[in-house]
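The values are calculated or read from the model by the stated rules, or taken from the named source; none is laboratory data. Computed from a predicted model, the values in this text were never measured in an experiment. Here the Cβ is made from the backbone with ideal geometry for all residues, glycine too, and neighbour counts use every protein chain on show.
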Amino acid sequence: MKKIFILLLLAFAMQNCTHSQSKTTPMASNDKKTEDKTAVNPVYSNTDSSKVNLKDEEWKKLLPSDVYYIARQKGTERPWSSKYEGFKEKGTYYCAACGNSLFVSDTKFESGCGWPSFYQPISKSSIIYEADHSLGMKRTEVMCGRCKAHLGHVFNDGPPPTGLRYCINGVVLDFTKAKEAEEKYNKESSN
């Protein structure tokens, strides 16, 4: 009986996207922090929608180690470790690797899974989907529609109106408050 209980508990834990998909060591601290992402990462843009296809070595040079681990090696951050998990500000979430807009705060909800959760992406082209059969599970991986960075997974247990739960690693998210996002867009568009 005890073995059955342990197996059920293990099966439940595995369904809640709590496992790393990489055998690499856990992410390090953000060792390349900068206020101006484009100074370090020339492909980073909140307005450019062209596809980004870089070799792994190039990404490794451009991204902080924690972002690289999640985005390029399909890692997973520890549950409840993201600064965006309980975050309530209004604005837009972007891909930390390329700056592509992914989600608006109005679609964020508290799912209890330990990662920032959203019920809908900002647009159909902002996210791409791929079957994921790693770790003996059947899941759907979500990636950035511009640079194919691993973001997390989508599950069919979210709230209305979509019934979806995009379970996203906060490390691969950037956030801009609503007013700041509008001012930044207008400034970049006028150049």
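Restricting attention to the stretch 150-191, the residues that are over 27 Å from S81 (Cβ atoms) and touching an Asp or Glu at 6+ places or on another chain (Cβ under 6 Å) total 0.
Looking at the stretch 74-99 only, could you name the residues that are in contact with a strand residue (DSSP E or B) (Cβ under 8 Å, 6 or more places away or on another chain) and either more than 28 Å from F109 (Cβ to Cβ) or among the aromatic types (F, W, Y) (or both)? Within the stretch 74-99, Y84, F87, Y93, Y94 qualify.
Just to be sure before I move on: is A131 more than 16 Å from the chain's Cα centre (by Cα) and closer than 29 Å to P160 by Cα in the structure I sent? Yes.
Screening K37, K74 for residues that are of a type outside the set (A, V, I, L, M), surrounded by 13 or more Cβ atoms within 10 Å (Cβ to Cβ) and closer than 18 Å to I127 by Cβ leaves exactly one candidate, K74.
Pick out the one residue from S105, S101 that is surrounded by 15 or more Cβ atoms within 10 Å (Cβ to Cβ), over 13 Å from the mean Cα position of the chain (by Cα) and touching a residue at least 12 places away in the same chain (Cβ under 8 Å). Give the steps one after another, and end with the answer.
Numbers: S101 fails: over 13 Å from the mean Cα position of the chain (by Cα).
Result of the check over S105, S101: S105.
A quick yes/no check of all residues on (1) within 29 Å of K60 (Cα to Cα); (2) out of contact with any Phe, Trp or Tyr (no Cβ under 6 Å at 6 or more places or on another chain); (3) assigned to a helix (DSSP H, G or I):
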{"residue": "F103", "(1), (2), (3)": "yes, no, no"}
{"residue": "D106", "(1), (2), (3)": "no, yes, yes"}
{"residue": "Q120", "(1), (2), (3)": "no, yes, no"}
{"residue": "E130", "(1), (2), (3)": "yes, yes, no"}
{"residue": "G158", "(1), (2), (3)": "no, no, no"}
{"residue": "G163", "(1), (2), (3)": "no, yes, no"}
{"residue": "Y166", "(1), (2), (3)": "yes, no, no"}
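For W59, indicate whether it is under 22 Å from A39 (Cβ atoms) and either at pLDDT below 95 or among the hydrophobic types (A, V, I, L, M, F, W, C) (or both). Yes, satisfied.
Can you spot a residue in the stretch 129-149 that is of a type in the set (F, W, Y), in contact (Cβ under 8 Å) with a residue 60 or more places away in the chain and farther than 20 Å from S82 by Cβ? Within the stretch 129-149 (the criterion being of a type in the set (F, W, Y), in contact (Cβ under 8 Å) with a residue 60 or more places away in the chain and farther than 20 Å from S82 by Cβ), the answer is no, since none of the residues qualifies.
Before we move on, is S125 under 16 Å from T47 (Cα atoms), in a helix (DSSP H, G or I) and under 16 Å from the mean Cα position of the chain (by Cα)?
Numbers: under 16 Å from T47 (Cα atoms): yes; in a helix (DSSP H, G or I): yes; under 16 Å from the mean Cα position of the chain (by Cα): yes.
Against the criterion (under 16 Å from T47 (Cα atoms), in a helix (DSSP H, G or I) and under 16 Å from the mean Cα position of the chain (by Cα)), S125 qualifies.
When C144, C167, C113 are screened for being modelled with pLDDT under 95 and under 19 Å from K74 (Cβ atoms), only C113 passes.
For every residue, the table says whether it meets (1) out of contact with any His (no Cβ under 7 Å at 6 or more places or on another chain); (2) farther than 26 Å from T38 by Cα; (3) surrounded by fewer than 13 Cβ atoms within 10 Å (Cβ to Cβ).
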position: F109; (1), (2), (3): yes, yes, no
position: P116; (1), (2), (3): yes, no, no
position: Y119; (1), (2), (3): yes, yes, no
position: K124; (1), (2), (3): yes, no, yes
position: G136; (1), (2), (3): yes, yes, yes
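Mind telling me which of the residues E85, E77 ends up being modelled with pLDDT of 95 or more, of a type outside the set (V, I, T), part of a loop (DSSP other than H, G, I, E, B) and in contact with an Asp or Glu (Cβ under 9 Å, 6 or more places away or on another chain)? Walk me through how you get there before you give the answer.
Numbers: E85 fails: modelled with pLDDT of 95 or more.
Answer to the check: E77.
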